[in-house]
Every structure is written in structure tokens, then in C-alpha cells.
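One structure is given below, represented as C-alpha cells, and several questions about it will come after.
Every read-out reported here was derived from the displayed coordinates using simple, explicitly stated rules and does not represent laboratory data. On a predicted model such as this, the values are computed, not experimentally measured, just so you know. With ideal geometry, Cβ positions are generated from the backbone for all residues, glycine too; neighbour counts draw on all protein chains shown.
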Amino acid sequence: MEAKEARKAQPLGSKRQVSRRTIAAAAVMSGRRSAALPDGVSRREGKSLETQGRILDAAEELFSIHGLYGVTLRDIATKADVDTALLHYYFDSKDNIFKAVVARRGSQLQAECAHELDVYEREAGAGLTVDGLIAAYVRPVFRFNRTGGKSWRNYCAIILRLSNSPDWASEVISEYFDPIALHMIRLLRKALPEADEACLFWAHQMFVRVMTITNAPKGRLERLSGGLCKANDYDAMEPLIVRFAADGIRGMCAKR
């Protein structure tokens, strides 16, 4: 049945290059039959987009757990409950599925981080602080982890896991997240005008690695702390990460 629907409704993007319209529309559908159709999208296209959204949701979860190379097209098809032929039809390859997964939420997360930094810069004026910058930078990540459900937690895990991957996967991610990284480094430069230039880049690199704990699997922290701390306690974690990162950046960038 799914394959027949696919033949009737052509995918909105090229099989070789997933279109932004496809990604944006699939993000709206994202597995929810009741979601309003984007402007200009027919009911038939909506059915097709719903299927694409389900495929991306399945891939997103699998990539977050096993990484890019630990997932096969068959794994994604099984998780999405579709025929493998549909994955080839809509996306052509696993690489294109990965690109669509990154793009689907990447522009939104980038925009939210940029907005928080811009608001803080405007309100702080000449009084920029490292603590304020870190708090603004991490706020969207924690907000999406708290309220965005499992799908957003999966997405954040993918980005944090693969952002330093030494292959083309990191290049895909860099398209969306290098601009916000450079934005953050520019503001750190204003907050720490006497810091060594190289130190600012090292500081951001280490800070991003610290952020990977926001998606650490449950179990070890709970075991080590005897249940005192929980890996998904975002309310406790957010201010601690801000303090830890800000103190560390100030310490490593201080003149010796």
C-alpha cells in the first residue's frame, strides 16, 4: 500500500539532492497525521510527506544510538515500518537520509541559539559575561531536551556525537552549526578581550564536548551516585553546566 502511494505522489525533492521544501514539509508532518498541511501541499503529497517524516524519525533515533555507520537502510525501513524501496524512492541513499535528518531540525536549533545570543548581547551591552553567553547558548538545547520529546533528544545526541567526526558527516553538520559556533566565539572575544585568540577556539571546542553529557545514557551516573543524580535531570544539569563551562573558560583563557 505504501509503495502504491509513493508511485502516485512524486517525492518533492530530487532523489539525488533532498530539497529544502521536502525537509521543511516533512518536519511539519513528522509522523503526525493531524498536522496541518503546509501551503501548496495536496492531501496526496501530505500522505507522502507523512511517510517521509516517519522514515526520518526512525533514522534519527537509530543514528543517535548507533551512529551513522552502525545503521543500515534495512534497519531504518524496519523501524519506520516501510519497504526498503521507499527509502530509495524518497532519499536514494543512507547519506541523503542523514543529510535530511540533520537539516530537518538544524535550521531551527541554529536559529534559536542565534536568537538567544543576540538577545543577550543586546541586553548586556558592554557588560557581556562568559556566564551569560554560556547560559544563552545552551538554553535552546535544554529547552528542546525538556519539551521536544524523544525526537529532539535523539537529534541533539546525533549532533553532539558526530560534530567532531573526521569525515563527511561532520561537514554536513558544519553547514548548520559552524556559523553559530563562530558567532559564539566572536562574543567570547568581546567578553574576554585579553584572551589569546587560539584559546577561544580551544575553549569552544572543549565546551561543546562537555555538552555531550546532556544526552548521556541513563545508568552510569545513577549507579555511581546511588540514585542521587539522574542523567535526564535537565533542571539540575543546566545551571551546573553553565557554571562548570564558564569557570573553565575563564580559567584557561586567563593571562598567566
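How much FRET efficiency would the formula 1/(1 + (r/R0)^6) give for Ala254 and Leu224, where r is the Cβ-Cβ distance and R0 is 30 Å, rounded to 0.05? It would help to have the intermediate numbers written out before the result.
Numbers: r = 31 Å, r/R0 = 1.04.
So the FRET efficiency works out to roughly 0.45.
Measuring from centroid to centroid over Cα atoms, what is the spacing of the range 216-256 and the range 85-137 in Å?
Taking the Cα centre of the range 85-137 as reference, the centre of the range 216-256 is 22 Å away.
Applying the Karplus parametrisation 6.51 cos²θ - 1.76 cosθ + 1.60 with θ = phi - 60° to the phi angles of the range 179-190, what ³J(HN,Hα) value in whole Hz is obtained for each residue in order, glycine and proline being reported as x?
Residue by residue, the range 179-190 yields x, 6, 5, 5, 4, 5, 5, 4, 6, 4, 4, 6 Hz.
Another one. What's the percent breakdown of Cα-Cα distances in the range 102-256 across 5 Å bins, shortest bin first?
The distribution over the range 102-256 is 1, 9, 18, 21, 21, 15, 9, 5, 1, given as percents.
Starting from 0.36 nm per residue, how many nanometres of slack lie between Ser170 and Arg146 once their C-alpha separation is accounted for?
Working: separation 24, 0.36 × 24 = 8.64 nm, distance 2.55 nm.
This chain segment gains 6.1 nm when fully extended.
Another question, if that's okay. Could you tell me which of Leu162, Val208, Ser151 has its Cα farthest along the dipole of the range 105-253 towards the positive end, charges placed at Cβ (Lys, Arg +1; Asp, Glu -1), taken about the Cα centre?
Towards the positive end, the residue furthest out is Ser151.
³J(HN,Hα) across the range 97-110 via Karplus (A = 6.51, B = -1.76, C = 1.60, θ = phi - 60°), whole Hz, x for Gly/Pro?
Per-residue couplings from phi come out as 5, 4, 4, 5, 4, 5, 5, 4, 10, x, 5, 5, 5, 4 Hz.
Once you place label points 7 Å from the Cα toward the Cβ at Glu123 and Ile185, how far apart are they in nm?
So the two model labels end up 2.7 nm from each other.
With θ set to phi - 60°, apply the Karplus curve 6.51 cos²θ - 1.76 cosθ + 1.60 along the range 117-133 and write out the HN-Hα couplings as whole Hz, x wherever there is a Gly or Pro.
5, 5, 4, 5, 4, 5, 6, 7, x, 7, x, 4, 10, 5, 4, x, 5
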